[in-house]
Amino acid sequence: MNLHKKLLCTAGIALLLSSTNLFAAERSAKDIINKAYQHIGSMDKYAFDAIVLDDEVKDGAVVKTYRQDVSVKVDRPGKLRVDTKGDTKNRSSYINGGIFTMIDHGHGYYGQLETPKTIDGTLDLIFELYGIRAPLASLIYSDMGKRVKFKRSKYFGTVDVAGVECDYVAFKSRVREVHVWITTGDTPQIINYSIIDTTVEGNPRINTSITWNSNPKISDSDFIFKAPKGATQISVDATN
């Protein structure tokens, strides 16, 4: 059984337990996730790769799972690059100097927006006004511990994830469950998480596995957007 299937099964078991008292709030789960978010917020420069598996559900059953391979580079406070390629998207996004740029490589279109100077401020703007979806944002915000709100939590103990000892925690709100696997030790890193939509029959989920780059090579040029030959700039309209 591969890693993604193991995590899918584990999260599925926890979902069955969510109707019991096992999901009573526990400080330990919150402490563990907060330490992981504090570690992310403490880093000025970092990079990671992710595999994102997104379920499509029909009539209560998963009919297809879409895969995206994502590469992320962060240089706080105001530079970010995200490259994603897979079944549904082939695009790159840049935040640099108060300008947000997104290009669709498949269609050759790109759009640009003036935004706040920080990564956090830019993410807030594009999420609220433009409805952009970003499952990896929790690994990018510098203050995610203050942003996340859940009614119930559970610590399931330590588990082995591909040979790595991890703390397994889960959180539940009215509309979703989030299951997170975090490496134990002094520098806790989130290496897997599963977001489960509990409002839809079949409970579709997004499963994400993360590989952190321990020695990233990041330069200013990584965040400079240069429009490819033949690319066309388009206007970007707010959804609200």
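So the values come out like this:
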| item | result |
| --- | --- |
| Which of Ile210, Ile95 has the fewest Cβ neighbours within 10 Å, and the rest in rising order | Ile210, Ile95 |
| Cα-based reach from Lys226 at 19 Å (exclusive), listing aspartates and glutamates while leaving out same-chain residues under 8 positions away | Asp75, Asp83, Asp104, Glu114 |
| Expected 222 nm ellipticity per residue - DSSP helices of 4 or more, -39500 (n - 2.57), all of the chain, to 500 | -6000 deg cm²/dmol |
| Positive-end residue of Phe127, Ala227, Gly97, charge dipole of the chain with Cβ unit charges | Phe127 |
| Candidate aspartates and glutamates - alpha carbon under 18 Å from Lys64, same-chain residues fewer than 8 apart omitted | Asp54, Asp55, Glu56, Asp87, Asp197, Glu201 |
| Mean-position separation - Cα centroids, region 93-160 and region 199-219, in angstrom | 13 Å |
| Nearest 10 degrees, 0 to 90: helix 119-130 Cα axis against the chain principal axis | 90 degrees |
| Gain upon complete extension [Ser28, Glu56; 0.36 nm per residue less C-alpha separation] | 6.8 nm |
| Nearest-ten-degree value, helix 3-17 long axis tilted from longest Cα axis of the chain | 50 degrees |
| Ascending count of other beta-carbon atoms within 10 Å, so fewest first, for Met43, Met144 | Met43, Met144 |
| Residue-wise HN-Hα coupling along region 175-185, computed from phi with Karplus coefficients 6.51, -1.76, 1.60 (Hz; x: Gly, Pro) | 10, 7, 10, 10, 10, 10, 10, 10, 4, 7, x |
| Net dipole in debye of region 3-233 [+1 Lys, Arg Cβ; -1 Asp, Glu Cβ; about Cα centre; nearest 20] | 200 debye |
| Likely footprinting exposure, Trp212, Trp181, fewest C-beta neighbours within 10 Å first | Trp212, Trp181 |
| Vicinal HN-Hα couplings computed from phi for region 149-166 (Karplus, 6.51 cos²θ - 1.76 cosθ + 1.60; Hz; Gly/Pro x) | 10, 9, 7, 9, 8, 8, 9, 9, x, 9, 9, 8, 10, 6, x, 10, 6, 9 |
| With Cα atoms, 0 to 90° folded angle of helix 27-42 axis to the chain main axis | 20 degrees |
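No value in this document is a laboratory result; all are computed from the given coordinates. Given the structure is predicted, the values throughout are model-derived calculations rather than measurements. Note that each Cβ is placed from the backbone with ideal geometry, even for glycine, and that neighbours are counted across all protein chains shown.
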